[in-house]
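The values are calculated or read from the model by the stated rules, or taken from the named source; none is laboratory data. Since we're looking at a predicted model, the values are computed, not measured. Using ideal geometry, Cβ is built from the backbone for each residue, glycine included, and neighbour counts are taken over all protein chains shown.
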Amino acid sequence: MRKESEGRISRKTFLQQVGLGLGALGTGIFFPASLSATEFLSGKTNSKKKLVVVGAGLAGLAAAWQLRKDGHEVTVLEARNRPGGRVSTISKPFAEGLYAEEGAAAYSESYTEAVKLIREFELETIPYAWPEEEIIYHLNGKRITAKAGEQVDWPYELDPEEQGKDPMALVQKYIIDTLPKEAGDPGLWDKSPVVNFDKMSLADYLKKQGASDGAIKLLQNTQWFAAVPHKTSGLSMAMSDFGLFMSGMPFLLKGGNDLLPKKMAARMKDDIQYGVEVESIKDSGDGIEVIANRNGERTSFSGDEVIVTLPLKVLQNVTFDPPLSAAKTEAIDKMPKIDLTRVYLEVDKPFWRNEGLSGMAFTDLPVMQVNPYHNMHNMQEGPAILESYVAGDRAKQLKGLSDKEAIERQLNEMEKVHPGVKDHFTGGYFKAWGEDPYALGGPSWPAPGDVTAHLKDLQAAQGNIHFAGEHTSVLRSTMEGALRSGYRAAREISS
């Protein structure tokens, strides 16, 4: 890991981070290492329990990981045939040497729990560096190419002090320079002044700091965290996007981000059962029973307590006996999630490099954000991928399309961003998270008021049933939030 994570990073480094289109994807706000979520018990429990964990995403794996350390007997039930949940790296149907992230896009050095595990497994990391080549912006019908930090005549009505500034400089001006230090401590999310941000949207927050409507539109179309500025809680933005992710340098895992959940699962392979779709959970008071479907056959699992880590929309399909409380049911039903679709267009070579372009693009077109993936062994030659990363309402426009239709639609739009892409196109891949039966959408994305209205109810245990998942953390939509939520639920049982 880079030394910069150990102290205050430079403004240049910060601006590189803020501009990343990662969706999970420092600042002056630093996340203290002392806030580690795994305050492990000093020794194994004297009261061994038989426990069930539903879901083998990072939250479920973290919960099982901790419970095993505490000396409990653990069974993890996972509907997919793999661990990781929405942390997923794909290599098929791409050419040899190519892979892409269809789920969580990047880690951050501020992810204290993830970093501990990555070091324990000795996984190799790759810094997510801001490209030195030019980036494409296609906004208001105008195609612009510019390097990071260059002054640009943006096609928006901007105030005089905003003119020419790149999006990262606007983020510095309106967010980084204005957030209080409390935004770096998730334990203070329900305290003033940070909790007050939940009353306003990201757009409202920006306006309060003096941003023009044109500047907000520019950020919406160039910054991953601002994809739906009027539907984003200012508190979530402050805590998750800046208090956490932007406090450290972003990085990827060489070989794919899902190597972390795969390594965790491999250590617990005898405790994980795949292909098990949970249908109902009964709490008798003396213990729990989980009813599930495995290959069309009804099966059951019993234990003392259970931790449920299913995504919000999937959780709605599980029957609980006795029923969940009205407050928890309302929280599950009303906490928003963000729609995500990703279309990958494989080409025979990274032809954009001939023009001195990085391949990265930010647009207001249906392709939205464009991310390039190269063969890790040869980034100059051979096949490559252009990803169309679509979030929010525009993702719904691709919903219901066949793979062929979605790929063709995005290929036509990509031609506006990268002219000539059709001449190099060799194949595509389409992932609509809203149509994935085990996700039914992207991560949680609280709108104004949703954190204070629902987070504590989402976290609360009910009898012998405990809950985890990124949606139960103020660090929403992050791998770190998922891990910490699993550890929290495990502590509820072992404490």
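Of P131, P127, P167, all but one fail to be surrounded by fewer than 19 Cβ atoms within 10 Å (Cβ to Cβ), farther than 30 Å from A59 by Cα and of a type outside the set (D, E); the exception is P131.
Just for region 75-112: of the residues that are buried (at least 24 other Cβ atoms within 10 Å of the Cβ) and of a type in the set (V, I, T), which one is nearest to V290 (Cα to Cα)? In this case the residue turns out to be V76. Each residue in region 82-113 was checked for being hydrophobic (A, V, I, L, M, F, W, C) and under 13 Å from the mean Cα position of the chain (by Cα), and 4 of them qualify. Please verify whether region 398-417 includes one or more residues that are buried (at least 24 other Cβ atoms within 10 Å of the Cβ) and over 21 Å from L345 (Cα atoms). There is no residue in region 398-417 that is buried (at least 24 other Cβ atoms within 10 Å of the Cβ) and over 21 Å from L345 (Cα atoms). Pick from D204, D241: which is surrounded by 21 or more Cβ atoms within 10 Å (Cβ to Cβ) and either of a type in the set (D, E) or part of a loop (DSSP other than H, G, I, E, B) (or both)? The match here is D241. Residues in region 282-305 that are under 30 Å from the mean Cα position of the chain (by Cα) and closer than 21 Å to S494 by Cα: V290, E305.
In this structure, does N221 turn out to be at pLDDT below 95 and polar (S, T, N, Q)?
Answer is no for this residue.
Is it the case that F467 is more than 30 Å from G285 (Cα to Cα) and among the aromatic types (F, W, Y)? Taking the combined requirement at face value, the residue does not satisfy it.
Residues are listed down the side, and each one gets a yes or a no for (1) closer than 21 Å to F225 by Cα; (2) in a loop (DSSP other than H, G, I, E, B):
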site: Q410; (1), (2): no, no
site: E413; (1), (2): no, no
site: K422; (1), (2): no, no
site: T426; (1), (2): no, no
site: K431; (1), (2): yes, no
site: A439; (1), (2): yes, yes
site: P446; (1), (2): yes, yes
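Among the residues making up region 352-367, none is surrounded by fewer than 18 Cβ atoms within 10 Å (Cβ to Cβ) and either touching a His at 6+ places or on another chain (Cβ under 7 Å) or among the aliphatic types (A, V, I, L, M) (or both). Here F31 meets the list (1) crowded, with 24+ Cβ neighbours inside 10 Å; (2) modelled with pLDDT of 95 or more almost entirely, failing just condition (2).
Selection over region 329-345 of residues that are surrounded by 21 or more Cβ atoms within 10 Å (Cβ to Cβ) and either part of a strand (DSSP E or B) or not hydrophobic (A, V, I, L, M, F, W, C) (or both) gives a count of 8.
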